[in-house]
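K.L.:
This is the structure I have questions about; it appears just below.
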Protein chains: 2
Amino acid sequence: MGNSGSDAAGLTLGEASEREALRRIFPRLPESRATLVGPGDDAAVLAAPDGRFVVTTDMMVHGPDFRLAWSGPVDLGWKAAATNLSDVAAMGAVPTALVVAIAAPPETEVAWLEGVADGFRMACAELAPGCGVVGGDLSVSATLTFAVTAFGDLEGRAPVLRSGARPGDVVAVSGALGEAATGLRLLFAEGVDAVGEPDAERFAAVAAAHPEAVGAQLRPRPPIADGPLAAEAGATAMLDLSDGLALDARRVAEASGVAIDLDTSALGPDLGAALTGGEDHGLFAAFPPEVPLPGGFRRVGVVRAGEGLLVDGRPFAERGGWDPYLEWDGGRG
Amino acid sequence: MGNSGSDAAGLTLGEASEREALRRIFPRLPESRATLVGPGDDAAVLAAPDGRFVVTTDMMVHGPDFRLAWSGPVDLGWKAAATNLSDVAAMGAVPTALVVAIAAPPETEVAWLEGVADGFRMACAELAPGCGVVGGDLSVSATLTFAVTAFGDLEGRAPVLRSGARPGDVVAVSGALGEAATGLRLLFAEGVDAVGEPDAERFAAVAAAHPEAVGAQLRPRPPIADGPLAAEAGATAMLDLSDGLALDARRVAEASGVAIDLDTSALGPDLGAALTGGEDHGLFAAFPPEVPLPGGFRRVGVVRAGEGLLVDGRPFAERGGWDPYLEWDGGRG
């Protein structure tokens with residue numbers, strides 16, 4: 001969190017008033033095209049041109065979700081934005097706005113929070129132009145925590161649910177598979193010190209040696225524009241790949257009352273990472289067989305009558321995915 | 001957080017899967033009349049009948065915002081709902097829906113979280129019927145944290161901002177003044193053990209002796225329906241009283257470019273609490289002088305040309321209000 005200090009640059013939340021902190025953070029945040037009333041009142045007012053809006057919320061917590069030896073403020077703002085934007089896109093909607101609640105220890109520097117705001121601005125500019133932050137909350141806490149809520153506009157389209165896949169549909173993926181999990185594995189293997197604690201110096205070496213995998217973990221680039229494209233193309237089901245292809249495909253199969261059969265030849269050289277690695281934040285969708293796959297979607301399998309997940313035609317039982325309750329070891333370094 | 005145990009009733013988040021925890025919590029949550037697509041997909045879809053929606057977000061953090069010796073799960077769910085509903089009402093909107101993100105220690109019992117859900121349901125049923133929880137997120141954290149985002153429908157009305165008060169307007173309040181702060185003062189004075197730590201047994205005695213003040217602090221009852229009523233009556237400015245009447249009235253004065261003159265004869269016997277006590281979550285509004293005050297609003301002063309806050313015609317400088325950064329002592333007991 002940087003050095004504490006008494007000059008303006010080192011001002012901490014414990015020293016600044018909430019108002020002063022917000023005054024410095026707000027100008028760095030991205031603006032939303034949907035804003036009718038922006039930050040500064042009891043609530044914001046947003047346009048919902050088609051009479052509906054899409055909403056999703058997601059937290060990132062210091063410890064189970066990120067480590068400060070590996071993630072800087074820009075990374076954290078970026079990832080908090082990207083993961084929520086991806087859930088909006090997975091409904092077939094165009095992201096319009098975010099509200100951001102942050103709870104941070106009193107010793108957090110205001111300059112560090114400015115970096116978080118920069119991350120939100122950069123992610124919105126690159127992944128979802130026109131989407132911005134329309135409100136938020138700043139609190140103190142012993143645990144650094146981000147809670148982001150994201151909104152989207154369906155532009156008159158029906159939302160694409162998990163439940164619409166039909167036998168005969170093609171299943172397809174947009175975005176990398178397994179790369180974010182590979183990055184996390186590398187960080188836990190090589191980005192730690194002798195006793196296994198996350199370490200900033202070791203991190204720098206890992207990030208330099210594996211920029212793509214580490215980048216996929218720390219600053220994911222979900223293919224946001226492909227969500228609305230898939231909806232327009234007639235996708236019958238879609239979701240954000242957050243818990244690994246195997247678990248997420250099984251969710252679509254269950255919700256749709258079908259079987260999904262993945263083709264290993266389409267899943268790249270690291271099959272384990274592709275099937276069970278979480279946090280890809282790509283899009284998984286089913287399309288009628290006659291539909292040309294839009295945007296960055298590529299075929300990874302087919303929907304069949306039946307139930308559950310198949311891989312190359314055989315039942316695949318491995319769970320995959322990450323359950324924070326069952327797996328967090330309490331570490332926060 | 002109750003006793004840990006190995007029977008189903010004592011199941012903790014660390015033992016349950018996220019899916020199992022959500023399966024038990026979801027049925028207890030209130031339903032929203034605005035739901036088009038409810039919980040269970042990447043995002044929810046909500047109706048925004050007039051083509052706009054109001055949105056606000058607020059966190060409650062263990063330590064600076066609540067103590068577990070004083071607040072039970074139902075209290076916490078209630079208060080997290082009520083404080084957000086109040087911000088929606090203060091725009092003149094009818095609350096339609098909430099999304100709720102909770103981060104809790106692994107040892108938290110699922111049954112305890114069911115109590116939180118009950119609190120959300122009870123608060124929505126009583127304060128904003130038709131408003132419900134349409135989505136959320138459940139994470140682990142070393143610090144129990146609630147992040148709620150609330151939505152509202154303006155029903156075709158213009159939003160009531162802080163900036164519209166005009167000289168000659170009457171200023172009025174709906175809801176109790178200073179009671180929540182009195183409750184908090186009582187808790188810190190009498191709800192603690194010999195070394196000043198919040199204490200459940202001492203709490204029970206304070207709550208029994210001062211049910212109204214302690215209730216106002218732990219389960220605030222903001223006059224939600226009065227927000228839309230004020231908007232319909234032609235309120236020129238309005239806000240949620242969260243940081244004390246003095247500070248909040250000064251905010252309206254600043255945003256509107258006017259002076260606000262409060263009349264002590266309208267502020268009850270405990271003038272200090274009424275002026276500077278936070279967390280009332282009543283509504284403060286300005287009305288044209290010819291307008292009959294709607295709902296529970298009562299006159300507390302007048303808008304004048306000039307700037308800043310006056311009390312009985314004299315400038316009032318005391319800051320009032322609660323700044324979590326400057327004032328949290330780090331305690332979490």
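Where a number appears in this text, it was derived from the coordinates with a stated rule and is not lab data. Since the model is a prediction, treat every value here as computed from it, not as a measurement. So basically every Cβ, Gly included, is an ideal-geometry build from the backbone, and we count neighbours across all protein chains shown.
K.L.:
In degrees from 0 to 90, rounded to the nearest 10, what is the angle of the helix A:200-209 Cα long axis to the longest principal axis of chain A?
P.N.:
Tilt of helix A:200-209: around 40 degrees.
K.L.:
To test your reading of the geometry: what angle, between 0 and 90 degrees and rounded to tens, separates the Cα axis of helix A:179-190 from the longest principal axis of chain A?
P.N.:
Tilt of helix A:179-190: around 50 degrees.
K.L.:
Something else now. For the stretch A:134-145, what does the Karplus curve 6.51 cos²θ - 1.76 cosθ + 1.60, with θ = phi - 60°, yield as ³J(HN,Hα) per residue in whole Hz, taken in order and with x for Gly and Pro?
P.N.:
For the stretch A:134-145, the Karplus-derived couplings read 10, x, x, 8, 10, 10, 9, 7, 5, 10, 5, 9 Hz, x marking Gly and Pro.
K.L.:
Can I ask one more? Regarding chain B, what are the three Cα extents along the principal axes, ordered largest first, in Å?
P.N.:
Projected onto its principal axes, the Cα set of chain B covers 66, 54, 30 Å.
K.L.:
Among all stretches of chain A without exposed GluC sites (Glu not before Pro) (DSSP loop, at most 16 other Cβ atoms within 10 Å), which one is longest?
P.N.:
Numbers: sites that count: A:Glu31, A:Glu107, A:Glu155, A:Glu290, A:Glu307, A:Glu318.
By the stated rule (loop sites, at most 16 other Cβ atoms within 10 Å), A:156-289.
K.L.:
With no solvent and one point on each alpha carbon, what is the Debye value of log10 I(q)/I(0) for the stretch B:12-112 at q = 0.12, 0.22 Å⁻¹?
P.N.:
With one equal scatterer per Cα and no solvent, log10 I(q)/I(0) is -0.49, -1.36.
K.L.:
Over the Cα atoms of the stretch B:126-262, how large are the radius of gyration and the largest Cα-Cα distance (Dmax), in Å?
P.N.:
Both quantities, over Cα of the stretch B:126-262: 18.8, 55 Å.
K.L.:
Turning to a different aspect of this structure: Determine by what factor the alpha-carbon radius of gyration of the stretch B:199-251 differs from 2.2 N^0.38 Å, reporting the quotient.
P.N.:
Numbers: Rg = 15.9 Å, N = 53, 2.2 N^0.38 = 9.9 Å.
My calculation over the Cα atoms of the stretch B:199-251 gives 1.60.
K.L.:
May I ask for the net charge around B:Pro288, where only other residues with Cβ less than 15 Å from the Cβ of B:Pro288 are counted and Lys, Arg are +1 while Asp, Glu are -1?
P.N.:
Details: positive: B:Arg166, B:Arg299, B:Arg304; negative: B:Asp169, B:Glu232, B:Glu290.
Residues close to B:Pro288 contribute a combined charge of 0.
K.L.:
At B:Glu31, with labels set 7 Å past Cα in the Cβ direction, how many nm apart are the copies from this one, shortest first?
P.N.:
Result for B:Glu31, in nm, nearest copy first: 4.2.
K.L.:
Can you list, shortest first and in nm, the gaps between the label point of A:Glu290 and those of its counterparts in the other copies, using a point 7 Å from Cα in the C-beta direction?
P.N.:
Its label point is 6.6 nm from the equivalent points in the other copies.
K.L.:
Return the percentage of antiparallel bridges among DSSP beta bridges fully within chain A, rounded to the nearest 5 %.
P.N.:
Values: 41 of 55 bridges.
Beta bridges within chain A, antiparallel portion: roughly 75 percent.
K.L.:
In the P(r) worked out for the stretch B:208-302, what percent of Cα pairs fall beyond 17 Å?
P.N.:
Working: 2369 of 4465 pairs.
Beyond 17 Å sits 53 percent of the P(r) for the stretch B:208-302.
K.L.:
Gaussian network model of chain B, Cα springs within a sub-10 Å range: biggest mean-square fluctuation belongs to which of B:Val214, B:Val88, B:Val192?
P.N.:
Highest fluctuation of the listed residues: B:Val192.
K.L.:
Something else about it: Using alpha-carbon pairs under 8 Å, 6+ residues apart, how would you state the relative contact order of chain B in percent?
P.N.:
Numbers: 825 pairs, mean separation 73.7, N = 333.
This gives 22 percent for chain B.
K.L.:
On to the next question. Sort shortest first the distances from A:Gly234 to its counterpart in every other copy, using label points 7 Å along the Cα-to-beta-carbon line, and give them in nm.
P.N.:
5.7
K.L.:
Along the stretch B:97-113, what does the Karplus equation 6.51 cos²θ - 1.76 cosθ + 1.60 (θ = phi - 60°) give for ³J(HN,Hα), rounded to whole Hz, x for Gly and Pro?
P.N.:
7, 10, 10, 10, 10, 10, 10, 9, x, x, 7, 4, 7, 4, 4, 5, 5
K.L.:
Turning to a different aspect of this structure: Can you pull the one-decimal nm distance between simple spin-label points at B:Glu290 and B:Asp50, each 7 Å off the Cα toward Cβ?
P.N.:
2.3
K.L.:
Based solely on C-alpha atoms, express the radius of gyration and the Dmax of the protein assembly as shown in angstrom.
P.N.:
25.2, 82
K.L.:
Net charge near A:Val94: determine it from the other residues with C-beta under 12 Å of the C-beta of A:Val94, scoring Lys and Arg +1 and Asp and Glu -1.
P.N.:
On the way: positive: A:Arg33, A:Arg157; negative: A:Asp50, A:Asp153, A:Glu155, A:Asp226, A:Glu232.
Around A:Val94, the surrounding residues sum to -3.
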